[in-house]
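Data block below; observations after.
The values are calculated or read from the model by the stated rules, or taken from the named source; none is laboratory data. Computed from a predicted model, the values in this text were never measured in an experiment. A quick note on method: Cβ atoms are made from the backbone with ideal geometry, for glycine too, and the neighbour counts reach across all protein chains shown. We work out accessible area using only protein heavy atoms, side chains counted, and drop any ligands, DNA or RNA first. Shrake-Rupley method; radii C 1.70, N 1.55, O 1.52, S 1.80 Å.
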Amino acid sequence: MGKLILGFVEKILVLIISQGLVCVCTWKNKNFIVKAEEFPAMFVFGDSLVDCGNNNYLSSLARSDYLPYGIDFYAGPTGRFSNGKTIIDFLGDLVGLPLLPPFEDTIIFGRDILKGVNYASAAAGILDESGRSLGDRFSLSQQVDNFKVTLSQLKRKMVERKSEELLRKSLVVMNVGSNDYINNFLIPSLYPNTSSRYNAQDYAHLLINHYTTHVLVLHNLGLRKFLLAAVGPLGCMPNQIATGVAPPGKCITYINDMVEIFNKKLLSLVDQLNTNYSKSSAFVFGNTYGVFTDILNRPDDYARQIEGVVELGGIKGK
């Protein structure tokens, strides 16, 4: 790969994945090396944090195909919930892949799928009902179904042996779960069936059971290398802090505690998957919660680590 000159965003990205994609990774009973150039394609599942335009075609309040979104992106507003690149775009840069097309573009405009596809949809959750108050979205189950459409297309474009090899070597990124809290469990007036039926432990267990089902479906379809991202500290989101539940400038502890329950179960799932599929697959836990909590607690330390000039929408190296 040559020497990587990492700017701030790349540093954060590598921290999130615990350098699991570019170094030796160790689990209980196996060691293996995953190098960036080994990924011929990337398939992304998730919510607004990684959506790159799928909601542009939906009747939804969760859309970002207008300014000021994309104000610093070369193509302007594209449906990314960002002024510039998303973390998936930066990850693609790190592993040598182009910007991924949203799934809807592959259907409507016939965009190329050989380097991967992004299925993420803003407001989507692990549960089908999460985010419904914001309108249409592709839930995680629908995103997995959309991947099956792509898989059929791949098999038509490639001989079966080549398509199977592509899937085995491709990177899968799953970043989902936030909306199951902020647009479901934490709004009992709109989603009374969850908060009244489950406590935080049982709800996290429900989410992990559904999550596991979808991961195993993708694994059974031939995908083998998974980066499963934790849910971030939702109690530190501006809209949560603005409720006034916590002291000024402080995160809402009980919300972060809920998220930690889910993340611990997700980490246990990653360990179990690596044990069950130790010979053929790799599962990496993306500790987004830990990274962003650390940034919030030590902002000055992270500012001092910047290498190069961070520009809105991208990185300019030294």
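Quick look at the values:
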{"item": "Test: residue in segment 239-262 that is in a helix (DSSP H, G or I) and under 25 Å from Asp145 (Cβ atoms)", "result": "yes"}
{"item": "Residue that is most open to solvent (accessible area, probe 1.4 Å), among those in segment 242-276 that are of a type outside the set (A, V, I, L, M, F, W, C) and within 14 Å of Ile182 (Cα to Cα)", "result": "Tyr254"}
{"item": "Pairs, first hydroxyl-bearing (Ser, Thr, Tyr) in segment 93-107, second surrounded by fewer than 19 Cβ atoms within 10 Å (Cβ to Cβ), C-beta under 7 Å, six or more apart", "result": "Thr106/Thr150"}
{"item": "When residues of segment 151-187 are limited to those that are in contact (Cβ under 8 Å) with a residue 60 or more places away in the chain and hydroxyl-bearing (Ser, Thr, Tyr), the one surrounded by the fewest Cβ atoms within 10 Å (Cβ to Cβ)", "result": "Ser170"}
{"item": "Residues (in a helix (DSSP H, G or I), among the charged types (D, E, K, R) and farther than 18 Å from Ser48 by Cβ) located in segment 70-111", "result": "Asp93"}
{"item": "Pair list, Cβ under 7 Å, 6 or more apart: segment 71-83 residue closer than 16 Å to Ser121 by Cα and free of Cβ contacts under 8 Å to residues at least 60 places away in the same chain, other residue open to solvent by 20 Å² or more (accessible area, probe 1.4 Å) and not in a loop (DSSP other than H, G, I, E, B)", "result": "Gly79/Asn56"}
{"item": "Residue that is nearest to Glu38 (Cα to Cα), among those in segment 76-87 that are open to solvent by 10 Å² or more (accessible area, probe 1.4 Å) and not hydroxyl-bearing (Ser, Thr, Tyr)", "result": "Ile87"}
{"item": "Test: residue in segment 148-170 that is touching a Phe, Trp or Tyr at 6+ places or on another chain (Cβ under 6 Å) and outside any loop (DSSP other than H, G, I, E, B)", "result": "no"}
{"item": "Candidate set from segment 172-192 (those that are assigned to a loop (DSSP other than H, G, I, E, B) and not aromatic (Phe, Trp, Tyr)); member that is nearest to the chain's Cα centre (by Cα)", "result": "Val176"}
{"item": "Checking Asp112 against (1) touching a Pro at 6+ places or on another chain (Cβ under 8 Å); (2) more than 21 Å from Met158 (Cα to Cα), the condition it does not meet", "result": "(2)"}
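Each row is one residue, and each column tells you yes or no for (1) among the basic types (Lys, Arg); (2) open to solvent by less than 10 Å² (accessible area, probe 1.4 Å); (3) under 17 Å from Phe147 (Cα atoms).
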residue	(1), (2), (3)
Asp47	no, yes, yes
Asp72	no, no, no
Asp93	no, no, no
Gly96	no, no, no
Phe109	no, no, yes
Asp112	no, no, yes
Gly116	no, yes, yes
Tyr119	no, yes, yes
